[in-house]
Amino acid sequence: MNEVIRQLMNHRSIRQFTEEKLTEGEVRTLVEAAQMASTSSYLQAYSIMGVTDADKKAALRKVSGQPYVEENGHLFVFVADFYRHQLMSDELGADINDYLGATESFLVGTVDAALAAQNLAMAAESMGLGICYIGSLRNDMEQVIDILNLPAHVFPLFGMVVGHPADSGSQKERLPFEHVYHENGYDSSSYAEEIRAYDEDIAAYYRERTNGKRADKWSEQVVGMLSEKTRLDVDDVVKKQGFLQQ
């Protein structure tokens with residue numbers, strides 16, 4: 001196992017950081033590493049927002065509900081971004097509105113940003129830093145758009161806190177290889193058995209981590225979350241920003 005794979009296998013979310021802030025050089029290194037991720041058709045359809053203003057971080061913490069949105073070494077917010085493409089099309093006298101309003105642009109911007117974010121995460125961990133993705137910024141996307149002054153054809157996807165770890169975190173077991181990898185066709189014949197076994201492993205993880213105060217199973221946790229009606233405004237906000245018009 002080489003060092004890159006060992007690093008990937010050792011990933012865990014870090015939610016407590018020291019007070020030390022990232023330097024400008026570290027931020028630049030992380031963003032430039034993110035930019036080297038693959039990008040669909042060379043569109044580079046994303047931007048990375050760095051948030052250092054105390055009031056903005058406090059407002060984003062209120063949206064998220066997570067204290068580490070404010071208490072970290074640096075807060076990044078990843079956005080799907082076709083604003084620059086709209087500017088270029090106006091400059092060249094072209095009409096790209098059909099593309100910008102199509103589901104494909106929504107997917108391209110989302111995937112481009114996610115690939116860049118994972119590059120940044122890997123780079124950060126290779127530097128001895130900890131990271132945690134912040135999907136809860138989508139609790140109020142319109143508020144995030146206002147806080148970050150995002151123009152049309154741009155929408156926020158998620159944040160990422162990065163910093164010097166104050167603890168080592170813990171690593172949750174992932175689904176079995178056989179449950180995730182399908183060769184030459186989708187095979188769910190062993191799903192029920194595999195999920196039952198995985199549920200027991202996750203329950204044991206929680207029992208050990210909480211001294212028996214918690215022992216919920218993965219399936220119960222996930223189905224409970226998915227059965228709640230949350231973030232119902234996302235579709236309207238994304239359309240308001242110029243996506244999913246067709």
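Computed from the coordinates by the stated procedures, all read-outs in this text should not be read as laboratory data. Everything numeric here is computed off the predicted structure, so don't read it as measured data. Cβ atoms come from the backbone with ideal geometry, glycine included; neighbour counts cover every protein chain shown.
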Problem - Among the residues listed as L30, L75, the single one being touching a Gly at 6+ places or on another chain (Cβ under 8 Å) and within 19 Å of G159 (Cα to Cα) - result: L75
Practice task
Only residues that are in a strand (DSSP E or B) and in contact with a Phe, Trp or Tyr (Cβ under 6 Å, 6 or more places away or on another chain): list them for the stretch 135-172, please.
Solution key: V154, L157, F158, M160, V161, G163
Practice task
With the checklist (1) over 17 Å from Y133 (Cα atoms); (2) under 17 Å from the mean Cα position of the chain (by Cα); (3) in a helix (DSSP H, G or I) in hand, flag the one item A59 doesn't pass.
Solution key: (2)
Practice task
Looking at (1) over 22 Å from M36 (Cα atoms); (2) crowded, with 16+ Cβ neighbours inside 10 Å, find the lone condition where E125 falls short.
Solution key: (1)
